[in-house]
Amino acid sequence: MSNIVFSGIQPSGTIHLGNYLGAIKQWVDLQDKYKSLFCIVDLHAITANKLLASELKSNIFKTVAAYIACGIDPEKSIIFSQSTVSGHAELSGLLGCYTPVGWLNRMTQFKDKAGSDKQKASLGLYSYPVLMAADILLYRAQYVPVGDDQKQHLELARDIALAFNNYYKLDYFVVPEILVLDHASRIMSLRDGTSKMSKSDPSEYSRINLDDTDDLIVKKIGKAKTDSILGFDFTTLKCRLEISNLINIYSVLSSLDVDKVCEEMSKHNMKHFKKELADLIISVISPIREKVIDLLRDRFYLHEILEKGAKKAAEVASHNMKEIKDIVGFVQ
């Protein structure tokens with residue numbers, strides 16, 4: 001059994017509160033328990049919406065800065081860009097030969113992202129789950145912290161690992177396990193309680209970005225969707241998705257149980273609650289934002305972090321790719 005954790009975020013936009021509470025904040029604790037690789041998955045970022053080269057580069061630096069500002073320590077964890085370690089693309093191509101098309105046809109996220117005209121979707125988007133499997137299996141990672149939307153992809157990674165191992169009658173690939181993230185940290189859109197907070201949402205008011213100013217955070221929370229029902233009755237939260245989301249954000253940031261938040265806020269009206277929530281978010285986001293701004297002033301340092309991380313990741317990847325090629329029968 002390995003003691004390795006692998007996870008990553010696409011540099012497709014500004015890191016937001018959902019990324020922080022749903023992933024990065026929890027990675028910070030994991031890096032003290034496991035050998036951790038936290039990747040900027042830039043190859044995944046171009047599978048759907050293409051970015052200008054300058055925008056993608058800028059987003060990569062912003063993502064590295066956000067990782068560090070949120071508490072990921074480059075001395076404890078390996079931070080690197082996916083595209084700088086060739087093994088990711090190489091293993092993805094190889095694993096595609098062990099992945100039946102029928103498995104990929106079942107992937108619901110492709111259907112969602114491809115929309116009504118799947119003929120125009122890229123091969124990269126279709127084979128995204130195979131690349132994700134390669135990301136994980138390349139390092140023989142045992143644990144993968146993922147949210148609900150990626151569980152199906154991780155199940156596929158497990159299936160691919162088992163298919164390869166069974167074909168060659170060995171246990172080379174570690175079959176990765178889902179490291180379930182705190183369900184309470186699944187942060188939803190401020191405009192729609194049925195959708196996750198997302199960088200791809202066209203409405204800036206659907207999310208709190210880590211680079212939002214204090215005034216903008218107040219404005220976004222003030223405009224966050226609520227309902228006409230009075231009070232914060234804990235027993236009705238399941239039926240009040242937007243209110244439940246705001247209460248959940250308050251709960252995670254304050255470390256108070258949801259029922260305690262409801263009990264405390266039942267003394268106040270919605271306007272007061274939103275002010276309290278905005279102040280709480282600002283108290284967390286503001287120091288991260290200032291740290292990100294400071295880090296982005298020194299791109300040489302951030303580039304150095306990526307280079308060092310890529311070197312460490314490549315050493316593991318190259319060793320494992322050689323073993324994989326030997327198993328398959330390639331002459332090296």
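The values are calculated or read from the model by the stated rules, or taken from the named source; none is laboratory data. The structure presented is a predicted model; accordingly, all values stated were derived computationally and were not measured. Glycine gets a Cβ as well: all are built from the backbone with ideal geometry, and neighbour counts include every protein chain shown.
The helices (runs of 4 or more DSSP H) falling completely within region 216-332 that include 3 or more residues that are under 20 Å from Leu17 (Cβ atoms) and under 29 Å from the mean Cα position of the chain (by Cα) map to 241-254, 270-296. Among the residues of region 287-305, is there at least one that is under 25 Å from Asp135 (Cβ atoms), surrounded by fewer than 13 Cβ atoms within 10 Å (Cβ to Cβ) and in the same structural domain as Lys76 (by TED's automatic domain parsing)? Yes, that holds for at least one residue. Would you say Ser54 is among the hydroxyl-bearing types (Ser, Thr, Tyr), buried (at least 20 other Cβ atoms within 10 Å of the Cβ) and assigned to a helix (DSSP H, G or I)? Taking the combined requirement at face value, the residue does not satisfy it. Of Thr194, Thr226, Thr213, all but one fail to be among the polar types (S, T, N, Q) and in contact with a Leu (Cβ under 7 Å, 6 or more places away or on another chain); the exception is Thr194.
Condition first: exposed (fewer than 13 other Cβ atoms within 10 Å of the Cβ) and assigned to a helix (DSSP H, G or I). Can you find one or more residues in region 125-148 that meet it?
The answer is yes, given that some residue of region 125-148 is exposed (fewer than 13 other Cβ atoms within 10 Å of the Cβ) and assigned to a helix (DSSP H, G or I).
Selection of first residues in region 42-68 that are farther than 14 Å from Thr84 by Cβ and of second residues that are among the charged types (D, E, K, R) and buried (at least 16 other Cβ atoms within 10 Å of the Cβ), restricted to Cβ pairs under 6 Å at least 6 apart or on distinct chains, gives the following pairs, ordered by first then second residue: Ala48/Lys113. Could you look through region 153-183, keep only residues that are of a type in the set (A, V, I, L, M, F, W, C) and within 20 Å of the chain's Cα centre (by Cα), and pick out the one that is nearest to Asp257 (Cα to Cα)? The extreme case among them is Leu181.
Screening Leu246, Leu179 for residues that are under 22 Å from Ile15 (Cβ atoms), crowded, with 16+ Cβ neighbours inside 10 Å and assigned by TED's automatic domain parsing to the domain that holds Pro11 leaves exactly one candidate, Leu179. For region 157-180, the set of residues classified as within 14 Å of Arg140 (Cβ to Cβ) and among the small types (Gly, Ala, Ser) consists of Ala157, Ala161, listed by residue number.
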